[in-house]
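In what follows, a structure is listed as structure tokens, so that the remarks can point back to it.
Just so it is clear, none of the values below were taken in a lab; they were calculated from the coordinates. Being a predicted model, the structure only gives us computed values, none of them experimental. No Cβ is skipped: glycine too gets one built from the backbone with ideal geometry, and neighbour counts run over all protein chains shown.
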Amino acid sequence: MSVATRTDEEHDGAQPGPPSRPRGRIVRRGLSLTGVTVAVIFFCLSQTPSLLPRAWFLQGVVSGITAAMGYGLGVAAGWRLIRGRAVRIGWYLLTIAGPPAIGIFVILGTRWQRDLRRRLGMETLDSAYTFRMLLISFVAFGVLLLAARALRLAVRCLALVLSRFTPEPVAYSAGFVVVALLSVMAMDSLVVGNMFAEADRRASLTNDGTDADVVPPVSGLRSGGPDSLVPWSTLGRQGRDFVGKGPTRRQLTRFAGRPAAEPIRVYTGLASAGSVTSRADLAVREMDRTGAFNRAVVAVFIPTGTGWVDGAVTNSLEYMYAGDTALVSMQYSYLPSWISFLTDRSKVAEAASALIGAVHERWARMPADQRPQLLVFGESLGSLGVERAFGSAQSMADGADGVLLEGPTFANPVHQRLIATRDRGSPVWSPVHSSGPPVRFAARPATLRRRAGPQPGVVYMQNPTDPIVWWSPSLLYRSPAWLHDPRGPDVSPDMHWYPGITFWQTTVDLLFSRQAPAGRGHQYQSGTVDAWAALAPPPGWTVRDTLRLRGLLDR
């Protein structure tokens, strides 16, 4: 028998060995059909209007991220569901329908942005808006897609290593878990951690500084001035702004047409005392030193996270009362409100309870016929603190002569209860309560001039386009009442709710809510005059005075 014959016979009689495991490509170059399809749908929906208009760069980033989210959902939903000839047909249909759909929605999106800007009184779009927006969208989508593919590559590489020791499904599951955990840890430590640390560092540096146009007061009627119990260096930047700015006595006299008093302003910063209670007690002692309780009005201001109080709110009250006022506020944090809101809302509640409680206790000890009017103000996070301090709308109306809250958040418990119990038929952006505590809502300040019934004890100002008022986690899965008809003024009739998309768009609106024009977004400014006039008008105050003061503040 030849060697060749023996070899063939041995081959024929040999037992077959274990089949070799086919190895797939590490990198799959093709895009997912379902992923691209959902990405196109999400991109088109991202062009639909939200509460506030966007610049080309912001809209491009939003559209790119939205398309990337759609691609991820499409890949997850369509994994191995469409195969073979169906894939080729699907790509053919997508190639025909996709570009026209994108083009139509880009044109509509540009038109919607122009309409939003017109509604809000903003400048029109520049001619290069569409091209720039599309370019940024594709870049943002491409960067996110590359990042996602890099993570998938890491999973596949790790799975190929583990598959030598474990079954392939177990290897891929383990690879996915390991890469996911490492990604989350890296995101938390490198991105989120550093972001909060950098925000804290910047906020700390900002708090230690002083604006160029602010100098220590020369009046003993202001904290940080001569004989003050609160050193200038302890006030923080926002506190120094609070006591170092405002209308002069000469300006107040010119507006009032009669001699004005010099306003009192009291502020305690984080460094002014060691605890919240100590800072509140120090503020009351400073009020006694300046004679604050002898003024016509004592107003307590609960600031935002940084300690900032809107100058339009304080100035309007001083103009209305020709300086016969005493304004007091207290810092509880130097961080931006969004960080304080996310990390520790208890600080604002504790600070508001301490300051309002200390001032109210001192005020209540006075004979009833000698007390000044007690007013309370809170904006955004500060409004949450005011609500937590009082607990209910009736307590606010009973505990002060007037409470003004601007731009309340979704976490405000009293605001949410009032919205839920509004009279049937009244819209959520302008709820009506025909019975119960004397509360008024103003989607437009001018509506407060046409007051029917008794004087309100509490006024909520909530712009229909303020995302801080209307944002809520429930936007993820439920259409909000503020998008139901009738809609609030300036809300686009072309805005509709889409699961996930509306939540994401309104979240972006939050970040830029203070860049809107006056009376839109989270900008209330001179509209506060109407609110003060409704809550606590000075003797003889008229609508003409309101309009005159609003014009002055707007200039």
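With each pseudo-label sitting 7 Å past Cα toward Cβ, what's the E361-L153 distance in nm, one decimal?
6.5
Could you tell me the relative contact order of the stretch 33-162? Use alpha-carbon pairs under 8 Å, at least six residues apart, and round to a whole percent. Can you show the working numbers first?
Numbers: 125 pairs, mean separation 49.8, N = 130.
Relative contact order comes out at 38 percent.
What distance in nm separates the two pseudo spin-label positions at F131 and S219, each 7 Å out from Cα along the beta-carbon direction?
Going by the 7 Å Cα→Cβ label model, 5.6 nm.
Grab the Cα-Cα distance for S275 and D208, subtract it from 0.36 nm times how many residues apart they are, and report the gain in nm with one decimal.
On the way: separation 67, 0.36 × 67 = 24.12 nm, distance 1.88 nm.
Separation in residues times 0.36 nm, less the Cα-Cα distance, equals 22.2 nm.
Can you tell me, using C-alpha contacts under 8 Å and at least 6 residues apart, the relative contact order of the stretch 461-555 as a whole percent? Please report the intermediate quantities before stating the final value.
Values: 89 pairs, mean separation 28.1, N = 95.
The value is 30 percent.
Arrange Y460, Y524 by Cβ neighbour counts within 10 Å, fewest through most, would you?
Values: Y460 27, Y524 24.
Lowest to highest Cβ neighbour count: Y524, Y460.
Based only on other Cβ atoms within 10 Å, what is the fewest-to-most ordering of S392, S513? Numbers along the way, then the final one.
Values: S392 15, S513 24.
Listing S392, S513 from fewest to most nearby Cβ atoms yields S392, S513.
Counting pairs of alpha carbon atoms under 8 Å apart in space and at least six apart in sequence, what relative contact order in percent does the stretch 250-372 give?
Numbers: 177 pairs, mean separation 42.1, N = 123.
Here the relative contact order equals 34 percent.
Among R295, R544, R265, which comes first, then next, by fewest other beta-carbon atoms within 10 Å?
Placing the least packed residue first, the sequence is R544, R295, R265.
Once the other residues with Cβ under 15 Å from the Cβ of R54 are scored (Lys, Arg +1; Asp, Glu -1), what is the net sum? Walk me through the numbers before you get to the answer.
Numbers: positive: R111, R114, R117, R118, R119, R132, R514, R520; negative: D115, E123, D126, D494, D509.
Around R54, the surrounding residues sum to +3.
If the label point is 7 Å along Cα→Cβ of Q515, which residues in the stretch 92-109 have backbone nitrogen under 15 Å from it?
Answer for this model: none.
With N set to the number of residues, divide the alpha-carbon radius of gyration of the stretch 33-162 by 2.2 N^0.38 Å and report two decimals. The partial results should precede the final answer.
On the way: Rg = 17.3 Å, N = 130, 2.2 N^0.38 = 14.0 Å.
The reported ratio for this selection is 1.24.
Given q = 0.12, 0.22 Å⁻¹, what are the Debye log10 I(q)/I(0) values for the stretch 458-555, with equal point scatterers placed on the Cα positions and solvent ignored?
-0.50, -1.11
Starting from the Cα-Cα distance between R114 and R258, subtract it from 0.36 nm times their residue separation and give me the gain in nm to one decimal.
Details: separation 144, 0.36 × 144 = 51.84 nm, distance 4.68 nm.
That pair, R114 and R258, stretches by 47.2 nm at full extension.
Set the Förster radius R0 to 56 Å, insert the Cβ-Cβ distance between T95 and N294 as r into 1/(1 + (r/R0)^6), and round the FRET efficiency to 0.05.
Details: r = 79 Å, r/R0 = 1.41.
Efficiency for this residue pair is about 0.10.
Relative to the longest principal Cα axis of the chain, at what angle does helix 276-290 sit, 0 to 90 degrees, rounded to 10?
Taking the Cα atoms of the chain, the angle to 276-290 is about 30 degrees.
In nm, what is the difference between 0.36 nm times the number of residues separating S479 and V432 and their Cα-Cα distance?
On the way: separation 47, 0.36 × 47 = 16.92 nm, distance 2.15 nm.
Result: 14.8 nm gained on full extension.
Work out the FRET efficiency for R285 and A55 from their Cβ-Cβ distance, taking R0 = 56 Å, and round it to the nearest 0.05. Each step should come with its number before you reach the end.
Values: r = 48 Å, r/R0 = 0.86.
That gives a FRET efficiency of 0.70.
Which FRET efficiency value, to the nearest 0.05, is calculated for W541 and D423 with the Förster distance at 30 angstrom and r the Cβ-Cβ distance? Please list the in-between numbers first.
Values: r = 29 Å, r/R0 = 0.97.
With a Förster radius of 30 Å, E is 0.55.
I'd like the per residue volume of the convex hull spanned by the Cα atoms of the chain, given in cubic angstrom. Before the final figure, lay out the partial values.
Working: hull volume 116.3 nm³, N = 555.
Expressed per residue, the convex hull around the Cα atoms of the chain is 210 Å³.
Just order 128-140, 219-231 by mean Cβ neighbour count inside 10 Å, highest at the front, would you? List each step's numbers first, then the result.
Numbers: 128-140: 17.4, 219-231: 19.2.
Packing proxy ranking, top to bottom: 219-231, 128-140.
Can you give me the distance in nm between label points at D227 and R249, each placed 7 Å from the Cα along the Cα-to-Cβ direction?
1.4
Relative to the longest principal axis of the chain, what angle (0 to 90°, nearest 10) does the C-alpha long axis of helix 311-320 take?
Computed tilt is about 20 degrees.
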